[in-house]
């Protein structure tokens with residue numbers, strides 16, 4: 001663990017990668033090159049099954065990548081049984097770091113401006129993961145992709161978290177995404 005490490009929960013849905021996004025009509029538009037055919041845009045039905053992953057990571061590596069089984073009820077009991085043990089082990093390492101005088105920054109309250117999942121990880125997965133034929137290959141693909149994110153890429157992203165926190169403070173908690181270069 002290094003100063004500034006903390007654990008983040010990322011939830012990834014198959015072909016969606018976002019939760020609760022508004023549909024504005026802009027999603028129907030796509031750029032095509034000269035001579036290219038328009039791409040087919042596949043729309044999911046409202047209640048179609050989705051695949052959910054819980055991914056906990058820190059600034060230099062993933063801590064846990066867990067594919068949630070279909071038809072599984074996800075509540076606090078599920079997370080305790082399936083995700084908590086490796087994460088608690090990592091938190092204990094953080095506490096040891098605290099005892100040695102290394103300060104660990106607590107995760108801020110939810111804000112899309114401060115969430116690496118919102119401004120980086122979701123796009124990274126979309127850009128680097130191809131369509132998968134079934135749930136098992138999707139779970140393997142997501143796991144492999146997350147495990148192989150270069151450490152420098154993770155460090156750069158966590159450095160952005162600190163920059164964004166500073167922007168949030170300088171803007172008195174107001175929205176600041178528009179001011180990022």
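Overview of results
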{"quantity": "Segment 63-72, residues that are in contact with a strand residue (DSSP E or B) (Cβ under 6 Å, 6 or more places away or on another chain) and within 19 Å of residue 132 (Cβ to Cβ)", "calculated": "65, 66, 67, 68"}
{"quantity": "Sole exception among (1) at pLDDT 85 or above; (2) in contact with a strand residue (DSSP E or B) (Cβ under 8 Å, 6 or more places away or on another chain); (3) over 30 Å from residue 48 (Cα atoms) for residue 151, by number", "calculated": "(2)"}
{"quantity": "Pairs where the first residue, in segment 88-101, is at positive phi and in a helix (DSSP H, G or I) and the second is surrounded by 11 or more Cβ atoms within 10 Å (Cβ to Cβ) and at pLDDT 70 or above, C-beta under 6 Å, 6+ apart", "calculated": "none"}
{"quantity": "Positions within segment 14-56 being modelled with pLDDT under 75 and touching a strand residue (DSSP E or B) at 6+ places or on another chain (Cβ under 6 Å), in sequence order", "calculated": "50"}
{"quantity": "Per-region count, segment 118-137, residues touching a strand residue (DSSP E or B) at 6+ places or on another chain (Cβ under 8 Å) and over 26 Å from residue 58 (Cβ atoms)", "calculated": "1"}
{"quantity": "Of residues in segment 121-143 being buried (at least 17 other Cβ atoms within 10 Å of the Cβ) and at pLDDT below 80, the one farthest from residue 70 (Cα to Cα)", "calculated": "121"}
{"quantity": "Residue in segment 76-87 that is modelled with the highest pLDDT, counting only those that are part of a helix (DSSP H, G or I) and touching a strand residue (DSSP E or B) at 6+ places or on another chain (Cβ under 7 Å)", "calculated": "82"}
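The values are calculated or read from the model by the stated rules, or taken from the named source; none is laboratory data. Not measured: the values here are computed from a predicted model. Every residue, glycine among them, receives a Cβ derived from its backbone with ideal geometry; neighbour counts consider all protein chains shown.
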